[in-house]
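Engineer: Please see the structure below; I have some questions.
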Amino acid sequence: SEVTHMAMQAQTPVLWFNNEEQGEKVMTKIYQSALGIDKATLFANTKVYQEEFNRLLNGRLLMVDQALITKGMVERLCEKYKPSLIVIDQLDKIKGFKGDRNDLEMGAIYQWARELAKTYGPVIGVCQADGSGDGVKWLTMANVADAKTAKQAEADWIIGIGKTYDPDFEYRRFINISKNKLDGDDDTVPEWRHNRCEVTIRPEIGRY
């Protein structure tokens, strides 16, 4: 939902590298999020909603859907499209890095992503929490999977999206900004730099 909103404001393409979920499923959610409609509504009139999606996004969101995505592939496509935003889901699975230990390899991947951000634009790298984050509302940097401090050190901004197993909170998510080194802009609220917020997820339209 957030990336489609950002893409509507972008001047150059948003590149979305998907090596996690089935691409068709992700694209369906992207359509739902952009248009604010459920799947049944979308598929009931695909031509109309395709046209509306194209009008809103104007070709500014490009998805690369492959199980194996390499460092070189990302670099070549970034050089070609000069993206204003890069989304990598999952960043940890990008191939082409080596390290003596897994956490050091992860650190190298995240350092590379930081360098991409300096060259092109923001990089949103999605990763998982480890077992310590299972059922936890407010995830912190300590819950990041497969890392000691290497991954966290390279990020300027980290949010955790927590979920509890309490049935009364089935559609609640808990967003915690655990790191924020960004300067912000004119409408930044300083008190919210490390904010927590409880939100409702609406999976039927792919939006928080």
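The values are calculated or read from the model by the stated rules, or taken from the named source; none is laboratory data. Computed from a prediction, not measured in an experiment: that's the story for all the values here. Here the Cβ is made from the backbone with ideal geometry for all residues, glycine too, and neighbour counts use every protein chain on show. Just so you know, the surface numbers come from the protein's heavy atoms only, side chains and all, with ligands and any DNA or RNA stripped out. Shrake-Rupley method; radii C 1.70, N 1.55, O 1.52, S 1.80 Å.
Engineer: Lysine pairs in region 6-126 8 or more apart or on different chains: how many have alpha carbons under 25 angstrom apart?
Structural biologist: The result is 25.
Engineer: Here's something else I'd like to know. Amide H to amide H under 5 Å from residue 87: which residues, 5+ apart in sequence or cross-chain, H placed 1.01 Å off N in plane?
Structural biologist: Those qualifying (amide H under 5 Å, at least 5 residues apart or on another chain) are 15, 16, 17, 124.
Engineer: Once phi is turned into θ = phi - 60°, what whole-Hz ³J(HN,Hα) does the Karplus curve with 6.51, -1.76 and 1.60 give for every residue of region 155-168, x standing for Gly and Pro?
Structural biologist: Those phi angles translate into 8, 8, 8, 10, 10, x, 10, x, 8, 10, 8, 4, x, 6 Hz.
Engineer: Using just the helices of the chain, give the 222 nm mean residue ellipticity in deg cm²/dmol: DSSP H runs with n ≥ 4 each add -39,500 (n - 2.57), and the total is spread over all residues, rounded to 500.
Structural biologist: Helices in the chain give a 222 nm mean residue ellipticity of -10000 deg cm²/dmol.
Engineer: Can you check what the Kirkwood hydrodynamic radius comes to for the chain, Cα pairs only, in Å to one decimal?
Structural biologist: That comes to 18.4 Å for the chain.
Engineer: Whose amide H sits under 5 Å from the amide H of residue 20, counting only residues 5 or more places off or on another chain, with H placed in the peptide plane?
Structural biologist: 90
Engineer: May I ask for the net charge around residue 67, where only other residues with Cβ less than 13 Å from the Cβ of residue 67 are counted and Lys, Arg are +1 while Asp, Glu are -1?
Structural biologist: Around residue 67, the surrounding residues sum to -2.
Engineer: In whole Å, how far is the Cα centre of region 96-161 from that of region 1-76?
Structural biologist: Each part's Cα centre sits 23 Å from the other's.
Engineer: Hey, got the dipole for the chain? About the Cα centre, +1 on K and R Cβ, -1 on D and E Cβ, debye to the nearest 20? Could the numbers behind the result be given before it?
Structural biologist: On the way: 28 positive and 31 negative charges, 79 e Å.
That gives the chain a dipole magnitude of about 380 debye.
Engineer: Would you mind telling me the share, in percent, of accessible area of region 53-187 contributed by carbon and sulfur at probe 1.4 angstrom?
Structural biologist: 50 percent
Engineer: Pop out the ³J(HN,Hα) list for region 45-54 in order, Karplus 6.51 cos²θ - 1.76 cosθ + 1.60 with θ = phi - 60°, rounded to Hz; leave Gly and Pro as x.
Structural biologist: The phi angles translate into 8, 5, 5, 4, 6, 4, 5, 5, 4, 5 Hz.
Engineer: Return the single residue from 94, 109, 37 with maximal mean-square fluctuation; model: Gaussian network over the chain, springs between Cα atoms under 10 Å.
Structural biologist: Checking each option, the largest mean-square fluctuation is seen for 37.
Engineer: Which whole-number value in Å² is the accessible area per residue of region 91-151, probe 1.4 Å?
Structural biologist: Working: 3410 Å² over 61 residues.
Ligands and nucleic acids excluded, the figure is 56 Å² per residue.
Engineer: Still on this structure, I have one more. Just to be sure I follow the definition: excluding the sites themselves, where is the longest run in the chain that has none of the trypsin sites (Lys or Arg not before Pro) in a DSSP loop with at most 15 other Cβ atoms within 10 Å?
Structural biologist: Numbers: sites that count: 98, 101, 148, 181, 193.
For trypsin sites (Lys or Arg not before Pro) (loop position, at most 15 other Cβ atoms within 10 Å), the longest site-free span of the chain is 1-97.
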